Structure formats: structure tokens, C-alpha cells
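Accompanying notes for the structure given below.
All of the numbers you see were taken from the coordinates with simple rules; none came from a lab. Just so it is clear, the model here is predicted, and its values are computed rather than measured. Neighbour counts run over all protein chains shown; Cβ positions are idealised from the backbone, glycine included.
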Amino acid sequence: MGDSWFKTRGYRHFDAPVSASYAATLCDPAFVAKHSWLPLLHYLKRVKRYKAKAGKTIYKDRPIMFASHRDTCILSKYAFDLSALLDRLYEKKGLSDHVIAYRKLGRANYDFAADAHRFAKEHQPCVVLCFDITGFFDNLDHATLKKSLKHLLGVKELPADWYAVFRHVTKFSKVDREALAAHPLFSKRLAMDSCGPIATIEEIRKSGIPITSNPNKFGIPQGTPISSAFSNLYMMDIDKLMVSACAKVGGLYRRYSDDILVICPPIHEAEITKILKSVIACHHLEIKDEKTERAMLGAGSDDVFQYLGFNLSKDDVSIRPSSLARQWRKARRAIKTTKRIGKEAVAAKSAEKIYTKRLRKRFTPVGARNFSKYARRAAGAFGSKSIVRQALRFERMADQEIRDIDK
């Protein structure tokens, strides 16, 4: 197996970062079975989103939970093992090309979107359906997940180590970081420029800060290393059924986490939708009609559908405006910060000028891995001149802003 799954992490939690020597101890299942798990750290991240149909920007609070260093190390190892088992099963069941999230497939989002676009163009007239599973991670049924895990491992009862991992993720406990930040001692530790522990569990309990546990028989935290593999495992039977159902009518099924894409002949739309909703409901999940996007290609219609960050139609493909706007906000923020810090350095005579080399690597074609290069690779995958124009426009705007600093 090796330790390719292991990496050190630099965030603050209730313990200190671990080394490769700790990771080596995880080969012993008894060690994991007896492990004392720590609460997750929880906070709300405000995400800005532009709704094109409504023509306005909205803000959504997204709950973020992440595990301690030791817990993360264990979960990473078991996620690695679980993903390997899933990949072998995907190959065996012919699902490898249909489940595309949280897997190392050596392909990017634009490759998968280009595959779907090509299929739709070659099978006109067709209907494109984009479904969204409501509250995906928050509603995964524990009994269903446990049954799937036992089946994948080929056991009647979970081994003690796997049960410990499963229980930690399903019966997770959490502490709000906001409460820690309001505490006179813990707030100072949070502000320290180190990775030392924020507090011991005994200190947390004495402080009166609540440690809350998941009281439900459903729901897992989205942010742990094994959450994504568990979600793919949970959807295994759904994926098998839908791949088969779509293939029978000459259609296509793709799933990226909780986003499901179906392309099929219009005559089979109602049938496929009914099958999907039924199997989703059997797994204690829900698809809401108002969040389902529908587009027709061919037969006198040329609707646009959104998939994996792209707007796709019969004759054209472009990057979604919201994605471009998000990248531009990042660029403006980075440029503004560089300008402010640079001016302070020049004023303090610790620098002769404001250096912009790092900005150019991030936001112009000079960089090896940035949005500009991503957009150009996407343009190549689709053969899209529209994406090339979008990339050029972004690069010109970024270049002009950086040139203004250099003056």
C-alpha cells in the first residue's frame, strides 16, 4: 500500500500535527480500534453565488467540519483503502466512466463535460436532465451505509477498526470554532502562529463550551477525508441501476457527487426520471423538481444546459459567467493585497519596488497551473472559440491591472 495517502497538515486543532511514524502505526487494526477520537471543529463559511436566472448575488452559509490531526491521518488511510476497493468494483461492474467525483482518474472537469456534450450532439434529438440530490451528505442513512460497507468488505459484521471509523463519522461530535474564538484563553491560542493544540478536551469541558453529537441516524460531515468515499459507496446501487436503465434506452448517466446528469431520447424522459426518483427515495434521499434543470437539443430546440462549470448548447460551449466572476474577484483581491503590502514595503525602504512576478504566475499565461491555463485546456477539449475569447479577455484585464502596479 505504501503511504501515498499520508500528508502533514498545518491547521490548528485539539492535537498537534502527526508524522509519518504515526501513520506507520495504522497498519495495526487493533491500534485503530482502540483509538480515542476527538470532536470535529465546526464553523460556517459564507459563500457568494450569482444566480443568473434571478439576476442577483446571494450568500449561503456552508457548514465546514474538519477532524483532528490524528483522526485525519486514520481517516485518510481508511479512505485510501476504501477507494481502492470501490475502484476495483467500478471496473468490474462497468461503472468506472459513470462515477466521476472524488476519484483519481487523470482527467479534468472539462474532459467529462466534453464527453457529455459530444454524446448529446451525437444523439439528437435528446433531452438533458441535471438533477441535484437535496442535502446529500446531511441525509445519508447510517444503516444503509453500514450495510453497503459490510457488503464491500465481504463481512457479516464490521471489523473493530472499520466499526470505529464508521462510528466516528456517523456519530460525530463537534465544537464550534466561534465559541473557542470567544473564550479568553482559547482565542489567544487560535491566534498563535503555530500548529499546537487549541485546547485539551478536559479544558473544553471545564470551560462550558458545548461538545455536541449527531443525534440522528442519518448524516455525515462533508469535510473528513473519508466522507467522499463513503458517499460514493452509498450511491453504488443507485449508480448500477441508473447506468443499466439509461443504457437500455440509448442514454447516458453520469454522477458527480450529488449532481446527476442524464441524457436520453425525449420519449424516455418520464420513464428514466421515475426510475431515478424511485431508487433515490428507496435510499432515503430526495430530488426536488424545482432544482432539476432540463434542456432539449435538436428537433428545432437549442437550449443551454449547465454542467461542471460550463454552459453547453448544440453549437457552442462557454465557461459559466459565475465561474469567471469568481476568478476575477480572486484576481482583484490578490492584486489589491500585493499593491498594499508592496507600498508598505517601499515606504519602509525594505523593497525598491512592488514585485508582481507572483501575480503574473497566478493570473496570466506565464503560470503553469492557473485559471488561464485551465481555460485554454478546456477550450482545446471542446474545440471552443468562445472559451478562448473568455480566457483572452480575463488575461487582458489581469495584465492591465498588474501593469498599473508596475508603472
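Over the chain, DSSP H runs of length four or greater, each weighted -39,500 (n - 2.57), average out per residue to a 222 nm ellipticity of -15000 deg cm²/dmol.
About the Cα centre of the range 2-136, what is the dipole size in debye to 20, counting +1 per Lys and Arg Cβ and -1 per Asp and Glu Cβ, all else neutral?
My answer is approximately 760 debye.
Evaluated with a Cβ-only charge set (Lys, Arg +1; Asp, Glu -1), the chain carries a dipole of roughly 1820 debye about its Cα centre, given to the nearest 20.
Here the extension length gained between Y59 and R167 equals 35.6 nm, from 0.36 nm per residue of separation less the Cα-Cα distance. The alpha-carbon of K353 sits under 26 angstrom from the alpha-carbons of these lysines, leaving out residues fewer than 8 places away in its chain: K330, K336, K339, K343, K361, K407.
A simple spin-label model places pseudo-atoms 7 Å from Cα toward Cβ; at I211 and S194 they are separated by 2.3 nm. Plainly put, the range 245-334 has a radius of gyration that is 1.05 times its Kirkwood radius, both from alpha-carbon atoms, as the Rg/Rh ratio. The protection proxy used here, the mean number of other Cβ atoms lying within 10 Å of each residue, ranks peptides 227-236, 195-204 as follows, highest first: 227-236, 195-204.
For the peptides 382-389, 36-43, 181-188, the ranking by mean Cβ contacts within 10 Å, running from highest to lowest, is 36-43, 382-389, 181-188. Taking 7 Å steps out from each Cα toward its Cβ at S187 and A30 produces label points 4.7 nm apart.
Of the three principal axes defined by the Cα atoms of the chain, the extents in descending order read 70, 68, 41 Å.
Taking a straight Cα-Cα cut-off under 14 Å and skipping sequence neighbours fewer than 8 places away in the same chain, the aspartates and glutamates within cross-link reach of K121 are D302, D303, D315, D316. Put the Cα centre of the range 221-297 next to the Cα centre of the range 124-170 and the gap is 14 Å. Normalised by the number of residues in the chain, the average gap of Cα pairs under 8 Å and 6 or more apart makes the relative contact order 20 percent. Quotient of the Cα radius of gyration of the range 51-128 and 2.2 N^0.38 Å, N being its number of residues: 1.61. Remark: the E271-T337 segment gains 18.4 nm on full extension, using 0.36 nm per residue and subtracting the alpha carbon distance.
Max-minus-min Cα coordinates of the range 1-113 on each principal axis give 55, 40, 20 Å, with the largest extent listed first. Its convex hull of Cα atoms gives the range 319-406 a direction-averaged projected area, equal to a quarter of the hull surface, of 5.6 nm².
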